[in-house]
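The structure appears right after this line, and notes come after that.
The values are calculated or read from the model by the stated rules, or taken from the named source; none is laboratory data. All figures in this text were calculated on a predicted structure; none of them were measured in a lab. Glycine gets a Cβ as well: all are built from the backbone with ideal geometry, and neighbour counts include every protein chain shown. Please note that ligands, DNA and RNA were not included when accessible areas were found on the heavy atoms of the full protein model with its side chains. Shrake-Rupley method; radii C 1.70, N 1.55, O 1.52, S 1.80 Å.
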Amino acid sequence: MAMTGVLRPGHAQLRVLNLEEGVRHYRDVLGMVETGRDAQGRVYLKCWDERDHNSLILRESDRAGIDFFAFKVLDEATLDKLERDLQEYGLTTERIPAGELMETGERVRFEIPSGHKIELYATKTQVGNGLQVTNPAPWTPAAEKGIAPVRLDHCLLYGPNIAEVKKLFCEVLGFYLVERVLGPDGEGEAAIWLSCSHKVHDIAFVEHPEPGKLHHLSFLLESWEEVLRAGDILAMNKVPIDIGPTRHGITRGCTIYAWDPSGNRFETFMGGYQPYPDYEPTTWTFDGLGEGGGLDYPQRKLHESFLTVVT
Amino acid sequence: MPYQVTIEETGERYTCGEQENLLIAMARSGRRGIPVGCRGGGCGVCKVEVTAGDYETRAMSCQHVTEEDRAERRLLACRVFPRGDVSVKVLGKMHKAVCTNAGLRPTEKTKI
Ligand code: FES
């Protein structure tokens, strides 16, 4: 599909209870590349195959969770247009000056009805992936360090007013609905998977009474074998695992969920299929989530911790 | 040297090493229904009140443990490391799991 408007997830800022423990986890166990530290003490990381300067920012705080999740848009004109569209839709937006985040241009920040802060930006310094652009090799030594995901793939956020969130993402930001889970009464949507691209999700939401919660940040691997290898590496490093390795019925993703040292859940993920905006969304009933294998296809069961534990 | 942890409501005891936290040791003891969440002090599902004994803590989210909680020794079990025998009361989510049939059975003494 043509890539205009909102391109892809760009960065997430996570709160960690101990900065160095967080850095050790994301840099040495996950295998991300540390690209900088700023005057506020925040640490910047990127996955090896990402070209832009950063995709994960760690901030030490007295509580875990997510500060904001950002999408890169095509160019500055698109940024201006989307900001106007958001304002016309009734949202208040805030401009964060260029450089507030290292190597990142101006950002437009707004709060969505689920209580999460979302950002859009058009510019970030391209530091490359360590490969030359002429006749490059297929990978670099960084591709073998730790779990070594290729990119930040998506996030799943928990909060209220999912129906309004869906409207906003679809009507203003150009996303489309890929899959959904209906509520227990068969009405309303308890969970939605949204895409701005060709991926099964660029962001997803679950209806939840408390606003602004993080369920997980997801990092992309290229094969099922790499997901299994991730499981070995997590175990070797005594990283607590929530579920997996397994496959979801929803999105067909192959996955492991585990927790960072501050209790933020992250995912090592691969697979899915390639949706297009004209596809009819896939619907899961509430029963389908458990026995239907929506959550865990091989085991066909619900996992209490997966459904309820958030930061 | 492993220490003894006593769950007040049920009288049940389990052992917990210095390097282990109260939650992992409780889960390892094999009873069902322990709400093991993030194990990192972030999610708040494992709240207990330490009613007796010494311990050390590691960072835990102030969203789940306020200053007042801390003063009252209401803490997240996954961030509490014993430095002697301790007694705990289980709170919140954990209370339901530990004090019903899914987890421990109340002793005669504590049965309500
Ligand atoms: S298990 Fe999450 S705070 Fe203890």
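Quick rundown of the values:
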quantity: Whole-number percent relative contact order across chain B, with pairs defined as alpha carbons under 8 Å at least 6 apart; calculated: 36
quantity: Ratio of Rg to Rh over the protein assembly as shown (Cα coordinates, Kirkwood Rh, two decimals); calculated: 0.98
quantity: Segment A:167-241: relative contact order in percent, alpha carbon pairs under 8 Å with at least 6 residues between; calculated: 16
quantity: From phi via Karplus (6.51, -1.76, 1.60), per-residue ³J(HN,Hα) for segment A:31-42 in Hz, x at Gly/Pro; calculated: x, 6, 9, 7, 10, x, 9, 10, 5, 7, x, 6
quantity: Mean Cα-pair separation over length for chain A, i.e. relative contact order, pairs under 8 Å, 6 or more apart, %; calculated: 17
quantity: B:Gln19/A:Met236 FRET efficiency (R0 22 Å; Cβ-Cβ; nearest 0.05); calculated: 0.80
quantity: Buried on assembly, segment B:24-60 (at least 30 Å² less accessible surface than by itself, 1.4 Å probe); calculated: B:Cys38, B:Arg39, B:Gly40, B:Gly42, B:Cys43, B:Arg58, B:Ala59
quantity: Solvent-accessible area, 1.4 Å probe, carbon plus sulfur percent, for segment A:3-57; calculated: 46
quantity: Cα shape, segment A:161-235, gyration tensor, a/c 1.5 rule; calculated: prolate
quantity: Exceeding the 29 Å Cα-Cα cut-off - candidates A:Lys213/B:Lys96; A:Lys46/A:Lys167; A:Lys166/B:Lys96; A:Lys81/A:Lys166; A:Lys167/B:Lys93; A:Lys117/A:Lys145; calculated: A:Lys46/A:Lys167; A:Lys166/B:Lys96; A:Lys167/B:Lys93; A:Lys117/A:Lys145
quantity: Helical contribution to [θ] at 222 nm, DSSP H n ≥ 4, -39,500 (n - 2.57), averaged over chain A, rounded to 500; calculated: -4500 deg cm²/dmol
quantity: Stretchable slack from B:Ser87 to B:Arg70, in nm (0.36 nm times residue separation minus alpha-carbon distance); calculated: 4.5 nm
quantity: Where A meets B: accessible area buried, both sides, 1.4 Å probe, Å²; calculated: 1200
quantity: Prolate/oblate/rounded label for segment A:47-199 (Cα gyration tensor, a/c 1.5); calculated: prolate
quantity: 15 Å beta-carbon shell around A:Val23, net charge (K/R +1, D/E -1); calculated: +1
quantity: In Å, descending, principal axis extents of the Cα set of segment A:151-308; calculated: 44, 29, 29
quantity: Longest site-free stretch - chain A; sites: chymotrypsin sites (Phe, Trp or Tyr not before Pro), DSSP loop, at most 14 other Cβ within 10 Å; calculated: A:1-272
quantity: C-alpha center-to-center spacing [segment A:41-89, segment B:47-94] in angstrom; calculated: 35
quantity: Per residue, in Å², the accessible surface of segment A:1-98 once ligands and nucleic acids are set aside, probe 1.4 Å; calculated: 40
